[in-house]
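Structure first, then comments.
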Amino acid sequence: MRPYFVLLLLLYSANLYSYDFSDRIYKCIERDNYNEADSLLAEWQKIDSLNPELEIVKFNRFLNESRESMLMLSDEISPESDAMIFTDSLGNVAGSIGQSLTWNDELYDRALGIIQNAIDRFPSRLDMRFGYATSLAMRDRIAEQVDVLKNVLDYGNKIGYEWLWQGDEPLTDPETETVECIWDSCLGIYNSGMDSLAYELCNETLKFFPEDLRFINMCGAIKYLSGSYNEALSYFYKALELSPVDTIVMSNIAQVNFAGGNFDETIRFCDKIISITDGDPDIFDFAEELKEKAIKEKMN
């Protein structure tokens with residue numbers, strides 16, 4: 001059984017050909033009727049070969065067919081929430097049956113080729129670029145995903161973020177929407193445990209959006225977790241310059257200084273936090289406890 005999905009949203013542009021063809025083709029894809037979908041694509045190609053929406057539908061057609069879900073028996077507990085668990089006579093888990101996703105590399109590569117060619121032809125279409133990045137992430141090709149997103153930042157800066165979206169419509173707030181999509185990607189990469197690639201993308205984003213606290217703090221957090229305390233502090237102090245009474249930033253600075261053995265600075269920032277927490281019990285308790293630890297360590 002193959003799950004139906006459309007990576008890039010359905011297109012409701014003013015172009016009647018686009019809407020009619022895309023709607024009919026997606027219905028074919030939903031039924032796994034790829035022969036009819038291909039016939040409609042060929043017909044659309046003859047009528048309106050320069051339409052960017054045609055390329056998006058082609059991309060979705062091959063990407064959708066490239067993934068297939070199948071049932072798989074395992075002697076381990078499947079991570080799928082709807083997996084069927086088997087137990088032995090003593091009630092111990094003996095195995096499970098759950099869905100497993102497989103890929104057809106030939107179809108997947110064809111989908112990538114279509115979207116890459118479409119981006120070359122229509123470079124201002126941000127939806128194509130993010131669709132491309134997302135399709136790479138689906139196969140855990142994160143380094144390539146990061147390269148695509150770095151190109152989004154670079155090209156966006158060159159065109160003043162005058163991006164187009166579905167139906168060649170301009171975005172209402174293209175700069176904000178760009179950085180929000182990049183941030184979502186950074187979070188996904190970071191949460192998947194690929195800290196170095198998350199850092200690479202965050203640091204690149206700061207070249208274009210140097211005052212975005214989210215990217216500054218993530219860079220600092222990644223450096224802290226890797227034990228690079230001085231580099232972490234450089235990011236957190238920069239964040240503090242931009243947000244001088246941000247107790248979260250101060251907490252980060254206090255924590256990194258404590259980890260690095262700078263207990264005087266830890267105590268100083270804990271005192272600052274305590275004085276301006278404005279009744280936040282979690283931040284207050286954190287600062288109190290860390291200050292007490294720093295005083296003890298300083299006395300040893």
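Hey, among the residues in the stretch 105-129 that are touching a Pro at 6+ places or on another chain (Cβ under 7 Å) and not small (Gly, Ala, Ser), which one's nearest to Pro170 (Cα to Cα)?
It comes out as Arg125.
Just give me the residues in the stretch 130-140 being touching a helix residue (DSSP H, G or I) at 6+ places or on another chain (Cβ under 9 Å) and either over 17 Å from Glu169 (Cβ atoms) or in the same structural domain as Asn157 (by TED's automatic domain parsing) (or both), in sequence order.
Selection gives Tyr132, Ala133, Thr134, Ser135, Leu136, Ala137, Met138, Arg139.
Only one residue in Ser49, Ser78, Ser89 is part of a loop (DSSP other than H, G, I, E, B) and either modelled with pLDDT of 90 or more or of a type in the set (Phe, Trp, Tyr) (or both), so which one is that?
Ser49
Kindly state which helices (runs of 4 or more DSSP H) lie completely within the stretch 193-300 and contain at least 3 residues that are under 27 Å from the mean Cα position of the chain (by Cα).
Because the criterion is at least 3 residues that are under 27 Å from the mean Cα position of the chain (by Cα), the helices (runs of 4 or more DSSP H) in the stretch 193-300 that meet it are 195-208, 213-225, 229-242, 247-259.
Condition check ((1) hydroxyl-bearing (Ser, Thr, Tyr); (2) modelled with pLDDT of 95 or more; (3) farther than 29 Å from Ala133 by Cβ) across all residues:
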{"position": "Glu204", "(1), (2), (3)": "no, yes, no"}
{"position": "Met218", "(1), (2), (3)": "no, yes, no"}
{"position": "Tyr235", "(1), (2), (3)": "yes, yes, no"}
{"position": "Gln255", "(1), (2), (3)": "no, yes, yes"}
{"position": "Phe258", "(1), (2), (3)": "no, yes, yes"}
{"position": "Gly261", "(1), (2), (3)": "no, yes, yes"}
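Okay, residues lined up against (1) surrounded by fewer than 23 Cβ atoms within 10 Å (Cβ to Cβ); (2) touching a residue at least 40 places away in the same chain (Cβ under 8 Å):
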{"site": "Lys27", "(1), (2)": "yes, no"}
{"site": "Glu30", "(1), (2)": "yes, no"}
{"site": "Asp38", "(1), (2)": "yes, no"}
{"site": "Leu41", "(1), (2)": "yes, no"}
{"site": "Ser49", "(1), (2)": "yes, no"}
{"site": "Glu55", "(1), (2)": "yes, yes"}
{"site": "Phe59", "(1), (2)": "no, yes"}
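Looking at Ala221, is it in contact with a helix residue (DSSP H, G or I) (Cβ under 6 Å, 6 or more places away or on another chain) and either surrounded by fewer than 16 Cβ atoms within 10 Å (Cβ to Cβ) or small (Gly, Ala, Ser) (or both)?
no
The values are calculated or read from the model by the stated rules, or taken from the named source; none is laboratory data. Here the structure is a predicted model, which is why all the values come from computation and not from measurement. Methodologically, a virtual Cβ is constructed for each residue, glycine included, from the backbone with ideal geometry; neighbour enumeration extends over all protein chains shown.
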